[in-house]
């Protein structure tokens, strides 16, 4: 039981961090960023090279991953999405663009970094025994850093001027514009933060999971599942969705035959979306 | 002056004509250079990209080495090797269209790949209709058994390695109980089922065999928690991909598991060291000609060439190096006719018996598999069982597949 709770807590926190970046971009720009998993993967590679290969301090490497992905996010927003959103009359155009960027990043990574799985030396070592369950120190570190980042993001969005502008933009674009907010700047900031969060998640999780050039797709799929559960575009929903999926996995793998865990999760998700299509915290359409 | 101009004109004309003649003779020489075209079809993107890319790099490295020697000799004539590579993304639809391109558009008779059961099964009708041969890396027995005869297994199958490894561990390490964990995918599940049967025959106590994880899983802690709880003497990672193996090992060890861990698939030591670190110690897997202590000088040269082609060595290549070499040996045995007629190639299969060029010790390389498929449709890759010791693969023993 205690192992199940530990697994659920750690998975939930990790998933929440992954889902946050995706939901942030969706709320501000109404863009489903299919390249979110690929951004996660790139963040992992930045940490792999800086910390694993060139032996830079891990936390500096993590900051570098966030900055690198923020820059990529700004480039994507400014040169790709901003123009397509302005010109396109259908939402599918941004989705296709997002899919294109995902394929672009994946193939660039495969070409540049090769096909192998990459991992880094542990940042901390040891295993804690808590109530009969095991918690490796690396996972504990990931849990607390992720918790710190989630709280930091919530405080930023709630109490700072750009954070409030982002929330306003998510609620009503025209009203925000009429209040004198630079929409382009806030959109770029939102995309940069979303991408940086993906990069941070990748940089953080490479210490316990490792990555390869193709690992982004599975991450994106799980992130979409989480925001569907929690409610697309709602920050608190992404966190909740992350924990719900994390605990479902932990309980399912512990109590059910392995192959049925995700089958049941997806059946439950379909039934849940029939009853509440906007997710737990989402607003109903219209 | 007039004579000088005339001489100059004649000299320029002479140079021009000479150059044209040289150019034509060069083109003629190029045109006369014979080419053996090889196809490669496999997964080269996504999480399983390493399976197909290792095939590609092996062909490229070996082809470069052959071509530098002037090509391969078949019936007294030299053939330069060219290859065409297609990514099937592990999708049967793409595998079929890729194979159609190779056999009909490129007119290739010998193809290396695909890498998994689903794609390998999907291309069988194409290669049979086109009269081609493929060396696949999928374990389904139906692919290599009559009425099919155009597919050849390129490596040791899990149902061949499993019983040998379990028996060794039972006799030498006192293993009495066993658990299996597999990815929820057709290949690994088949391999697990074959492994369970082999373990039953050996009288091992099977503690669990139903635990699986979804493709794309990165956190194996929850699923491994359940497996470790049974505390078996041996946990078998059935059909595990090189990307997943170190994470499963790490999760098991961090959960306090002290027993043995093994797999019947080839792994890469760098990935194991990077991701699992010290937890990879004692892990048992099957390799090809990977460990330096068993490599011939030719294999060492191949390893160096592979590094130039791919950027770094991958231990999976120790198994996949055999495919192109065996195609060439068989073509040399069958003669020129087999370049366009695969029936001649098939006839020569039982006659191919050469010294394994990749191993230091003297071993015969031939086609095997009659005991499993009713016909020799498997490359007799030696079954080299490795254990991780001090961050390196060390050969536990070398076995072989029955004829």
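Yes/no matrix, rows are residues, columns are (1) crowded, with 17+ Cβ neighbours inside 10 Å; (2) at pLDDT 85 or above:
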residue: A:146; (1), (2): yes, yes
residue: A:156; (1), (2): no, yes
residue: A:160; (1), (2): no, yes
residue: A:164; (1), (2): no, yes
residue: A:170; (1), (2): yes, no
residue: A:186; (1), (2): yes, yes
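Just one residue in the set A:55, A:38 is modelled with pLDDT of 90 or more and assigned to a loop (DSSP other than H, G, I, E, B); that residue is A:55.
Looking across the stretch B:185-223 at every residue that is more than 26 Å from residue A:202 (Cβ to Cβ) and assigned to a loop (DSSP other than H, G, I, E, B), the one that is nearest to the other protein chains (Cβ to nearest Cβ) is identified as B:204.
Got at least one residue in the stretch A:231-241 being surrounded by fewer than 18 Cβ atoms within 10 Å (Cβ to Cβ) and either part of a helix (DSSP H, G or I) or within 14 Å of chain B (Cβ to nearest Cβ) (or both)?
Going residue by residue through the stretch A:231-241, those that are surrounded by fewer than 18 Cβ atoms within 10 Å (Cβ to Cβ) are A:236.
Imposing the further condition that a residue be either part of a helix (DSSP H, G or I) or within 14 Å of chain B (Cβ to nearest Cβ) (or both) reduces the set to A:236.
The answer is yes, given that some residue of the stretch A:231-241 is surrounded by fewer than 18 Cβ atoms within 10 Å (Cβ to Cβ) and either part of a helix (DSSP H, G or I) or within 14 Å of chain B (Cβ to nearest Cβ) (or both).
When residue A:224 is tested against (1) assigned to a helix (DSSP H, G or I); (2) away from chain B (no Cβ under 14 Å), exactly one condition is not met: (2).
A quick yes/no check of all residues on (1) within 16 Å of the chain's Cα centre (by Cα); (2) over 27 Å from residue A:210 (Cβ atoms); (3) in contact (Cβ under 8 Å) with a residue 24 or more places away in the chain:
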residue: A:6; (1), (2), (3): no, no, yes
residue: A:15; (1), (2), (3): yes, no, yes
residue: A:28; (1), (2), (3): yes, yes, yes
residue: A:44; (1), (2), (3): yes, no, yes
residue: A:47; (1), (2), (3): no, no, yes
residue: A:108; (1), (2), (3): no, no, no
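Looking across the stretch B:142-177, just one residue is surrounded by fewer than 17 Cβ atoms within 10 Å (Cβ to Cβ), assigned to a helix (DSSP H, G or I) and in the same structural domain as residue B:117 (by TED's automatic domain parsing), and that is B:142.
Being surrounded by fewer than 19 Cβ atoms within 10 Å (Cβ to Cβ) and in a helix (DSSP H, G or I) holds for only one residue in A:200, A:263, and it is A:263.
Every residue, every condition in (1) under 19 Å from residue A:191 (Cα atoms); (2) away from every other protein chain (no Cβ under 14 Å); (3) out of contact with any strand residue (DSSP E or B) (no Cβ under 9 Å at 6 or more places or on another chain), yes or no:
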{"residue": "A:1", "(1), (2), (3)": "no, no, no"}
{"residue": "A:8", "(1), (2), (3)": "no, no, yes"}
{"residue": "A:20", "(1), (2), (3)": "yes, yes, yes"}
{"residue": "A:23", "(1), (2), (3)": "yes, yes, yes"}
{"residue": "A:80", "(1), (2), (3)": "yes, yes, yes"}
{"residue": "A:84", "(1), (2), (3)": "yes, yes, yes"}
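In the stretch A:127-139, how many are facing chain B (nearest Cβ under 10 Å) and either touching a helix residue (DSSP H, G or I) at 6+ places or on another chain (Cβ under 8 Å) or part of a loop (DSSP other than H, G, I, E, B) (or both)? Total satisfying the criteria: 6. Any residue at all in the stretch B:236-255 that's on the phi > 0 side of the Ramachandran plot and either assigned to a loop (DSSP other than H, G, I, E, B) or touching a helix residue (DSSP H, G or I) at 6+ places or on another chain (Cβ under 8 Å) (or both)? Yes; the residues of the stretch B:236-255 include at least one that is on the phi > 0 side of the Ramachandran plot and either assigned to a loop (DSSP other than H, G, I, E, B) or touching a helix residue (DSSP H, G or I) at 6+ places or on another chain (Cβ under 8 Å) (or both).
The values are calculated or read from the model by the stated rules, or taken from the named source; none is laboratory data. Small disclaimer: the values here were computed from a predicted structure and weren't measured. Ideal geometry is used to build each Cβ from the backbone, glycine not excepted, and the neighbour counts take in all protein chains shown.
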